[in-house]
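> Here it is, the structure, as structure tokens.
The values are calculated or read from the model by the stated rules, or taken from the named source; none is laboratory data. What you are looking at is a predicted structure, and each value in this text was computed from that prediction instead of being measured. We place every Cβ from the backbone using ideal geometry, glycine too, and count neighbours over all the protein chains shown. Note: areas computed on protein heavy atoms with side chains; ligands, DNA, RNA excluded. Shrake-Rupley method; radii C 1.70, N 1.55, O 1.52, S 1.80 Å.
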Amino acid sequence: MKALLSIDYTNDFVAAEGSLTTGVAGQVIEKDLVRLTKEFIDAGEFVVFAIDGHDSKDQYHPEQKLFPPHNLVGSQGRELYGSLAAVYEKNQSKSTVYWIDKRHYSAFSGTDLDIRLRERGITEVHLTGVCTDICVLHTAVDAYNLGYQIVIHEKAVASFDQTGHDWALKHFKQSLGATLL
Ligand code: ZN
């Protein structure tokens, strides 16, 4: 069984005016990312939206020192970008579509993702979203350590750092044994 993990494809990370945006690199993957998401939903596969949710009062959060405020809970910046928003809205009531508020880079850190996947017998996770070398990378590393097979959809991940993006793709394949599609 397989699942699709949709990571951080929000206005703050993708829109031109987003506070931590991947810009054009993030915008050009919209079509492929949305198509894949729809394919998984239509096939009845488990689709998880693992989305950063920050609180400006969270003074102990390590990202406070690293990045400008982003994906604040309740803000427009945290809403899904472009046509992915409508796909989520239309399908959110399905039992196969699941939303996770994550606090760290990895979708597994401090969340119930691992147990949700295991109770469905899922052994293979397909990763899409941003950023390739931060949240997608940390999620992939945790998935690897937990024993999942990893599939990275090259045309559905992006970063604001092209060098980091390229390095991460190589790392997924060579060190995490991921399949790149
Ligand atoms: Zn964050």
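> Looking only at residues in segment 1-50 that are among the acidic types (Asp, Glu) and in contact with a Ser or Thr (Cβ under 9 Å, 6 or more places away or on another chain), which one is nearest to the ligand (Cβ to nearest atom)?
First pass over segment 1-50, keeping only residues among the acidic types (Asp, Glu): 8, 12, 17, 30, 32, 39, 42, 45.
If we keep only those that are in contact with a Ser or Thr (Cβ under 9 Å, 6 or more places away or on another chain) too, we end up with 12, 30, 32, 45.
On the way: 12: 9, 30: 20, 32: 23, 45: 26 Å.
Among those that are among the acidic types (Asp, Glu) and in contact with a Ser or Thr (Cβ under 9 Å, 6 or more places away or on another chain), it is 12.
> Here's something else I'd like to know. Residues 146, 176, 169: which one is open to solvent by 60 Å² or more (accessible area, probe 1.4 Å) and aliphatic (A, V, I, L, M)?
Answer to the selection: 146.
> Here are the criteria: (1) away from the ligand (no atom under 11 Å from the Cβ); (2) in contact with a helix residue (DSSP H, G or I) (Cβ under 8 Å, 6 or more places away or on another chain). Tell me which single one residue 71 does not satisfy.
(1)
> Oh, and also: Against the conditions (1) in contact with a Ser or Thr (Cβ under 7 Å, 6 or more places away or on another chain); (2) closer than 20 Å to residue 111 by Cβ; (3) away from the ligand (no atom under 16 Å from the Cβ), where does residue 92 fall short? Just the number, please.
Unmet condition: (1).
> Would you say residue 106 is of a type outside the set (Val, Ile, Thr), free of Cβ contacts under 8 Å to residues at least 60 places away in the same chain, under 25 Å from residue 149 (Cβ atoms) and assigned to a loop (DSSP other than H, G, I, E, B)? Spell out the reasoning first.
Working: of a type outside the set (Val, Ile, Thr): yes; free of Cβ contacts under 8 Å to residues at least 60 places away in the same chain: yes; under 25 Å from residue 149 (Cβ atoms): yes; assigned to a loop (DSSP other than H, G, I, E, B): yes.
Yes: the conditions hold for residue 106.
This table checks each residue for (1) under 20 Å from residue 24 (Cα atoms); (2) of a type in the set (Phe, Trp, Tyr).
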| site | (1), (2) |
| --- | --- |
| 107 | no, no |
| 110 | no, no |
| 116 | no, no |
| 143 | no, no |
| 146 | no, no |
| 161 | yes, no |
| 169 | yes, no |
| 172 | no, yes |
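> Which one of the conditions (1) more than 14 Å from the ligand (Cβ to nearest atom); (2) touching a residue at least 40 places away in the same chain (Cβ under 8 Å); (3) assigned to a strand (DSSP E or B); (4) open to solvent by 40 Å² or more (accessible area, probe 1.4 Å) does residue 116 fail to meet, given that it meets all the rest?
Unmet condition: (3).
> Consider only pairs whose beta carbons are under 7 Å apart and that are at least six residues apart or on different chains; among these, list those whose first residue lies in segment 25-40 and is open to solvent by 40 Å² or more (accessible area, probe 1.4 Å) and whose second residue is part of a helix (DSSP H, G or I).
Listed by first residue and then by second, the contacts come to 27/14; 38/87.
> Among the residues that make up segment 134-143, is at least one of them surrounded by fewer than 24 Cβ atoms within 10 Å (Cβ to Cβ) and more than 16 Å from the ligand (Cβ to nearest atom)?
yes
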